[in-house]
Amino acid sequence: MAGRRSDVRRSDARRAAGLAVLLAAWNDLLVPRLPERAYAPVNAAAAATLLAAARSGGISWAVLGLDPRRLGAGARAGGAWAAVVGAGYATALAVPALRPLLADARVTGLGARALAVRVLVRIPVGTVLWEEVAFRGVLPPVLRRVLPARQARTAAAALFGLWHVTPTVRTLALDAPAADRPRRAGAVAAACLGTAGAGVLFARLRERSGSLLAPALLHLAANDLGALAAAAAGRR
């Protein structure tokens, strides 16, 4: 019996390590090599594959945050936070002195069609769906099989921060091409710490509401409304 438990622990540890390595490499090594049109479908397929693997490994829909009975709680919690984010963007857009904070070279100058594809497909499917399934759905229960709850939360948040290294470097190359190396390094570190903190908030929303919908709505509002606000600020 003891040998069987030891085998199970080793198997759980291998799964956790493998998932951590996959997520650490995905956004920083694989995604930059994808053509732009493949971003959303590849990430959506990855989300579906990860969910299927979690279910085959015995993780229930409720543990994944996908229990239909918790959708109402998730909608209320996520909707409230999304409204706060929307109010913040609206304020920044309305105050001329704050508009430069919205600048995003990835969005400024996009035509209506390209902007629509970004806010209706790329962000919801390629970013929010995949990241919420991976970091707030599957990763936490996998880590909790081998780590105490607090350490599992910390590890998931740290991975979410590392997930944003390459995207931040690429954004800085567009927004601040003249920045020297120390400033870029500082900006990347600050962005990763910020996204790790966001990961903690998203995880708390997921745990308290019992639904993956709560962090997904907040995440969607932050990214989609941010893109729309940046486009509007650029036009002004």
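The values are calculated or read from the model by the stated rules, or taken from the named source; none is laboratory data. Computed from a predicted model, the values in this text were never measured in an experiment. So basically every Cβ, Gly included, is an ideal-geometry build from the backbone, and we count neighbours across all protein chains shown. Keep in mind that these areas ignore ligands, DNA and RNA; they rest on the heavy atoms of the full protein, side chains included. Shrake-Rupley method; radii C 1.70, N 1.55, O 1.52, S 1.80 Å.
Quick notes
- When the square roots of the Cα gyration tensor eigenvalues are ordered a ≥ b ≥ c, the ratio a/c for the range 22-89 is 1.5 or more and a/b does not exceed b/c, which makes its shape oblate.
- Placing +1 on each Lys and Arg Cβ and -1 on each Asp and Glu Cβ, with no other charges, gives the range 129-209 a dipole about its Cα centre of roughly 300 debye.
- Cα gyration tensor shape for the range 67-117, rounded if a/c is under 1.5, else prolate or oblate: oblate
- Of every Cα-Cα pair in the range 1-147, the percent that sits beyond 24 Å: 50 percent
- Each peptide in 102-113, 205-216, 138-149 was scored by the mean count of other Cβ atoms within 10 Å over its residues; highest first, the order is 205-216, 138-149, 102-113.
- Calculated [θ] (222 nm, deg cm²/dmol) that DSSP helices of n ≥ 4 give over the chain, each run adding -39,500 (n - 2.57): -21000 deg cm²/dmol
- Accessible area per residue, Å², the range 164-236 with all protein chains present, probe 1.4 Å: 51 Å²
- Protection proxy ranking of 37-50, 82-95 - average other beta-carbon atoms within 10 Å, highest first: 37-50, 82-95
- For the range 173-236, taking the reciprocal of the average inverse distance between every pair of different Cα atoms yields a Kirkwood hydrodynamic radius of 14.0 Å.
- Element breakdown for the chain at a 1.4 angstrom probe: carbon and sulfur atoms account for 65% of the accessible area.
- Farthest towards the positive end of the charge dipole of the chain, among the residues Val95, Pro140, Leu212, is the Cα of Pro140, using unit charges on the Cβ of Lys, Arg, Asp and Glu.
- Taking Cα centre as origin and charging only the Cβ of basic (Lys, Arg, +1) and acidic (Asp, Glu, -1) residues, the dipole magnitude of the chain rounds to 460 debye.
- Rg to Rh quotient for the range 93-236, alpha carbon positions, Kirkwood Rh: 1.01
- Gyration tensor (alpha-carbon) shape descriptor, the range 106-158, a/c threshold 1.5: prolate
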